[in-house]
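Report on the structure given below.
The values are calculated or read from the model by the stated rules, or taken from the named source; none is laboratory data. Everything quoted here is computed from the prediction, not taken from an experiment. For neighbour counting, all protein chains shown are included, and Cβ atoms are generated from backbone atoms with ideal geometry for every residue, glycine included. Accessible surface is based on the protein model in full, side chains and every heavy atom, while ligands, DNA and RNA are left aside. Shrake-Rupley method; radii C 1.70, N 1.55, O 1.52, S 1.80 Å.
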Amino acid sequence: MANIAIITDTDSSLPMDIARNHRISQVPITIQLGEKSYQDAFEADNPLVFGWIDKEKKFPTTAAPSPGQFVEAFKQAFEAGAGTVLCFCVSSEVSATYAAARSAAEMLAGQDIRVMDTRNLSMGEGYMALAAAEAVAAGASAQEALAAAESVGKRVRLFASLATLKYLAMSGRVGHLAAGLAGMLDMKPILTVKDGKLQMLEKVRTQSKSWARAIQITTESGQGCGIDRLAILHVNALEKAKQFEALVQAALPCPTEIIYAEMNPGLSIHSGPGLVGVVFVTKE
């Protein structure tokens with residue numbers, strides 16, 4: 001059977017060590033800070049980006065990887081011995097990444113390249129790529145690996161608590177007035193992924209209540225089917241993430257392995273620092 005390479009993008013939030021151990025390549029989103037461009041996760045991290053925002057009082061821009069970047073990633077995979085490339089992209093509802101990867105595949109028309117719009121983001125996307133990589137390692141065909149990823153995509157859930165609406169307001173995703181009022185009322189919105197987009201699910205006052213509600217929703221979502229995989233998501237808030245994990249562990253049966261995944265700047269510039277949440281895959 002031909003060697004199968006797995007490629008994704010840095011919006012997947014896959015920790016570098018996990019990606020490396022499972023031979024998953026990540027194509028970076030571009031972060032533009034003023035006149036300088038950085039490769040998401042490889043050159044730009046959250047402290048750098050949020051430090052720049054707070055200093056410059058400006059909001060950075062992001063750009064999907066170019067088709068040329070994907071062409072290079074695909075070529076490297078084939079040169080390393082791959083016969084097939086499976087590429088898992090952040091939801092096309094939030095980024096042009098999928099379109100760029102499709103264009104790159106068309107440029108290499110003679111090669112076996114299969115590009116999937118995961119309709120997910122962060123570790124939802126990451127878990128899909130991981131499922132494919134594990135299937136390939138176990139001897140699965142390309143089609144079987146895609147099916148494994150699709151199965152995870154149907155069972156993955158994300159619930160996260162925002163610490164502030166400041167950065168959503170700066171990005172234009174919510175009005176400045178709404179963000180200001182929410183701040184005055186100590187609102188901590190809960191986010192989820194729906195229809196391929198990161199959407200506001202509920203508005204809850206105070207961090208403790210927001211965390212409790214996020215955990216309650218997680219428990220309700222996993223009830224009756226169990227949780228197969230679980231990651232604690234955060235943005236520049238590792239200590240808060242550890243506190244949140246303790247609450248999650250106390251509230252519901254968790255798998256033995258829990259991943260700590262920091263959302264990379266390609267996504268985190270919209271949420272702002274302090275976000276904590278959970279991404280999980282149900283057993284059924």
**Fill in**
When the range 205-216 is checked residue by residue, the ones that are among the hydrophobic types (A, V, I, L, M, F, W, C), free of Cβ contacts under 8 Å to residues at least 40 places away in the same chain and in contact with a strand residue (DSSP E or B) (Cβ under 7 Å, 6 or more places away or on another chain) are none
**Asked** Which residue out of S268, S210 is touching a Phe, Trp or Tyr at 6+ places or on another chain (Cβ under 9 Å) and not aliphatic (A, V, I, L, M)?
**Response** S268
**Fill in**
Checked T30, T10 against criteria (within 28 Å of V152 (Cβ to Cβ), β-branched (V, I, T) and open to solvent by 30 Å² or more (accessible area, probe 1.4 Å)); the one match is T30
**Residues satisfying the stated conditions in the range 61-104, i.e. assigned to a loop (DSSP other than H, G, I, E, B), at pLDDT 95 or above and not polar (S, T, N, Q)** = A64, P65, A80, G81, V90, A96
**Message:** Show the residue pairs meeting these rules: Cβ distance below 7 Å; 6+ apart or different chains; first residue within the range 142-154 and closer than 14 Å to D117 by Cβ; second residue modelled with pLDDT of 95 or more and open to solvent by 30 Å² or more (accessible area, probe 1.4 Å).
**Reply:** L146/R114; G153/R119
**Request:** Being in a strand (DSSP E or B), farther than 16 Å from T118 by Cβ, within 18 Å of the chain's Cα centre (by Cα) and not aliphatic (A, V, I, L, M) is the filter here, so list the residues in the range 1-37 that pass it.
**Result:** T30
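Given the criteria open to solvent by 60 Å² or more (accessible area, probe 1.4 Å), in a loop (DSSP other than H, G, I, E, B) and in contact with a helix residue (DSSP H, G or I) (Cβ under 9 Å, 6 or more places away or on another chain), does F42 qualify? Even if it seems obvious, please write down each step before you answer.
Details: open to solvent by 60 Å² or more (accessible area, probe 1.4 Å): yes; in a loop (DSSP other than H, G, I, E, B): yes; in contact with a helix residue (DSSP H, G or I) (Cβ under 9 Å, 6 or more places away or on another chain): yes.
So F42 fits the description; yes.
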**Asked** Pairs under 7 Å by beta carbon, first residue over 11 Å from N3 (Cα atoms) in the range 78-95, partner assigned to a loop (DSSP other than H, G, I, E, B) and charged (D, E, K, R), six or more apart or different chains?
**Response** S91/R119; E93/D195
**the range 151-162, residues that are more than 13 Å from V193 (Cα to Cα) and in contact with a strand residue (DSSP E or B) (Cβ under 8 Å, 6 or more places away or on another chain)** = V152, L162
**Message:** I'm trying to understand the selection: among the residues of the range 105-123, which are modelled with pLDDT of 95 or more and more than 16 Å from C87 (Cβ to Cβ)?
**Reply:** S122, M123
**Asked** Here are some conditions: (1) open to solvent by less than 20 Å² (accessible area, probe 1.4 Å); (2) farther than 18 Å from N120 by Cβ. V281 meets all but one. Which one does it not meet?
**Response** (2)
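Quick grid of which residues meet (1) open to solvent by 20 Å² or more (accessible area, probe 1.4 Å); (2) more than 26 Å from T97 (Cβ to Cβ); (3) touching a residue at least 60 places away in the same chain (Cβ under 8 Å):
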{"residue": "L191", "(1), (2), (3)": "no, no, yes"}
{"residue": "C254", "(1), (2), (3)": "yes, yes, no"}
{"residue": "L267", "(1), (2), (3)": "yes, no, yes"}
{"residue": "H270", "(1), (2), (3)": "yes, no, yes"}
